[in-house]
Amino acid sequence: MKKNLINKNEKYIVDIIDYGIDGEGIAKIDGFTVFVQNAMKGEKCEILILKILKTHAFAKIINLIDKSSYRVEPDCKTYNSCGGCTLRHIDYNETLRVKKNKVQNLVNKSLKNRIIVEDTIGMNNSRYYRNKAIYPVCIDDVGNKNFGIYSARTHRVIPFEECFIQSKISQQIARYIMKNYQGSIYDEKFQKGILRNIMIRFAKNTNEVMVVLIQTDNNIYFDIDDLIEKFPEIRTVIINVNNKNTNVVLSSENHIIYGDGIVEDLLGKYKFVISPNSFYQVNPVQTEVMYNLSIEMADLNKEDIICDLYCGIGTIGIFASEHVSKVYGIEIVEAAIDNAKQNSILNNIDNIDFIVGDVEYAFDKLLKEDGVVPNIVFVDPPRKGLDDVTITNLNKLKLDKIVYISCNPATLVRDLAKLENKYMVKRIVPVDNFCYTSHVECVSVLNLKSLENRHS
């Protein structure tokens, strides 16, 4: 292999030719790939090499020579140090094109059917869109208890004045709690202290708030009455006890200290109960767009039997239920299935069954032991995508359609390639659920090839 000719801490002038998977600029020096933080396609920059690996290097801009017409001044004071957003230096409409191209590049590399990825569906108002905030806490540089967001790829907490992707009320509540909290702050290095994180869920369409304090014990270190008086939107306050040396934020041990341990939100015409450990999409506006798009793609009718894999609290299945004969939802998190069952009762839906279990095994059992024969399957897996057993089962079934909702285009395209012999990928639509970050959700639909051939 040709030895690269670049050196750490040296400066180079480069042209940015593309974007990387995390939205960073890509340059080539003698054919060697360099990822340049905050650089944009089409720019010429003087860069400083920060780190060199076998196949690529990392660099930062020290002088912007030719600037992209899509470059904007970031509105956030901590943008360059915080790990929350990566694309605030790019005009919003251009970020939508960047995300579309990211998905298209993956499709071109992996799929036999070189489908044209549709335009990314963006937001009219891309600020304060998140309904869930998890704030790590710290002792800041002046010795005060504070909270913030982790710096990229570290556990160093960066306090901020204002975050433009988290809800305003979550920031106000976290600031009030930190000002009045009487317990100690957890030190990750020495594994001592009490308060680790503050998690706040804000149900935008009902204006209800859940506050979760992640602590190493279940004692109360602030005046709950004062908090509720200050923020009457709070429906419930919970202490989640996590005393393990782990990066996992929430344990399964919840202690309700005010309210009933849930919030309710509206998506479309449906009401959903959400508990601390339940998965619920973080952008309610775009989630409704995404679910309506999924239902449209599925083209459902009253004879359809559908399986909703990784169903969470039952959102997609409930959206689909009025159009079909029967829905089966599968989810591994027991609390989420409890919420899903509540949600079906809350919305007067009687044609849906929810099953707690690992999709790999529970879906397999549903097909082979329980004899369920679905003709449409919705999948909304975690970032790691589908397991091989589920892929095998989907390939064995003669499904009319598979609707695949994905939060990770790389695993989406990997899985679509494994389904391509049996199914035809018809549409891939990116949806901007995570504005100003490199993340992109996609909704895709696959049709059974034998049905395609019959109709052609």
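Brief remarks on what is shown
- Two-site FRET efficiency, residue 192 against residue 451, from Cβ-Cβ distance with R₀ of 45 Å, rounded to 0.05: 0.15
- Ranked by how many other beta carbons lie within 10 Å on average, peptides 13-20, 404-411, 162-169 from highest: 404-411, 162-169, 13-20
- Given charges at beta-carbon only (K, R positive; D, E negative), |dipole| of the chain in Debye: 1820 debye
- Taking label positions 7 Å along the Cα-Cβ direction at both residue 65 and residue 299, the computed distance is 5.3 nm, reported to one decimal.
- Each eigenvalue of the Cα gyration tensor of region 115-263, multiplied by 5 and square-rooted, gives one semi-axis; in descending order these are 26, 20, 16 Å.
- Net charge of neighbours whose Cβ lies under 13 Å from the Cβ of residue 411, counting Lys and Arg as +1 and Asp and Glu as -1: -1
- Solvent accessible area, Å² - residue 228, 1.4 Å probe, full protein context: 30 Å²
- Accessible area, probe 1.4 Å, largest first, for residues 441, 253: 253, 441
- Region 173-247, dipole about Cα centre (Lys/Arg Cβ +1, Asp/Glu Cβ -1), debye to the nearest 20: 340 debye
- Rg and Dmax [Cα atoms of region 346-445; Å; Rg one decimal, Dmax integer]: 14.6, 45
- Atom-type composition of the exposed protein surface of the chain places 48 percent of the accessible area on carbon and sulfur (1.4 angstrom probe).
- Dipole of the chain, positive end: most advanced residue of 210, 234, 442 [Cβ charges, Cα centre]: 442
- Per-residue extension of 0.36 nm, minus the Cα-Cα distance of residue 73 and residue 151, leaves a gain of 26.1 nm for this segment.
- Near residue 28: Cβ cut-off under 12 Å, other residues only, Lys/Arg at +1 and Asp/Glu at -1. The net charge is -3.
- Bridges between two residues of region 173-332, per DSSP, are antiparallel at a rate of about 60%.
- Spin-label model, residue 8/residue 168: points 7 Å from Cα along the beta carbon direction are separated by 4.6 nm.
- Region 257-413: relative contact order as a whole-number percent, Cα under 8 Å and 6+ apart: 21 percent
- GluC sites (Glu not before Pro) lying in DSSP loop within region 256-324, provided at most 11 other Cβ fall within 10 Å: 303
- Counting only DSSP H runs of at least 4 residues, each contributing -39500 (n - 2.57), and dividing by the residue count of the chain, the helix-based mean residue ellipticity at 222 nm comes to -7500 deg cm²/dmol.
- Within region 286-422: Cβ-based charge dipole about Cα centre, in debye rounded to nearest 20 (Lys, Arg +1; Asp, Glu -1): 360 debye
- Candidate cross-link partners of residue 8 among the lysines, defined by an alpha-carbon separation under 28 Å and a same-chain spacing of 8 or more, comprise 28, 41, 44, 51, 54, 60, 67.
- Inter-part distance where region 69-85 and region 339-363 are each reduced to a Cα centre, Å: 41 Å
- For a modelled paramagnetic label at residue 206, 7 Å from Cα along Cα-to-Cβ, the residues of region 313-331 in reach, with backbone nitrogen under 17 Å, are 313-316, 318-319.
- When only Cα pairs below 8 angstrom with a gap of at least 6 residues are kept, region 125-270 shows a relative contact order of 20 percent.
- Stretch gain in nm, segment residue 182-residue 56, where the contour uses 0.36 nm per residue and the Cα spacing is subtracted: 40.6 nm
- Across the chain, the relative contact order, built from alpha-carbon pairs under 8 Å that are at least six residues apart, equals 12 percent.
- Computed from the Cβ-Cβ distance with R0 of 30 Å, the FRET efficiency linking residue 15 to residue 114 stands at 0.65.
- With a Cα cut-off of under 29 Å and a minimum spacing of 8 residues unless on different chains, the lysine pairs in region 158-271 number 16.
- Accessible surface, per residue, of region 342-456 when the full set of protein chains is kept, probe 1.4 Å, Å²: 41 Å²
- Neighbourhood charge, 10 Å Cβ-Cβ cut-off, centred on residue 176 and excluding it, Lys, Arg +1 and Asp, Glu -1: +2
- Full-extension gain in nm, residue 220 to residue 258, via 0.36 nm per residue minus C-alpha separation: 12.6 nm
- Simple rule: put +1 on each Lys or Arg Cβ and -1 on each Asp or Glu Cβ in region 87-204, find the dipole, and look at 181, 104, 155; the Cα lying farthest toward the positive end is 104.
- Among the protein heavy atoms, those of residue 210 account for about 0 Å² of accessible surface (1.4 Å probe, every chain in place).
The values are calculated or read from the model by the stated rules, or taken from the named source; none is laboratory data. A quick note: this is a predicted structure, and the numbers were derived from the prediction, not measured. Ideal geometry is used to build each Cβ from the backbone, glycine not excepted, and the neighbour counts take in all protein chains shown. Remember, those area values only see protein heavy atoms, side chains included, never the ligands or the DNA or RNA. Shrake-Rupley method; radii C 1.70, N 1.55, O 1.52, S 1.80 Å.
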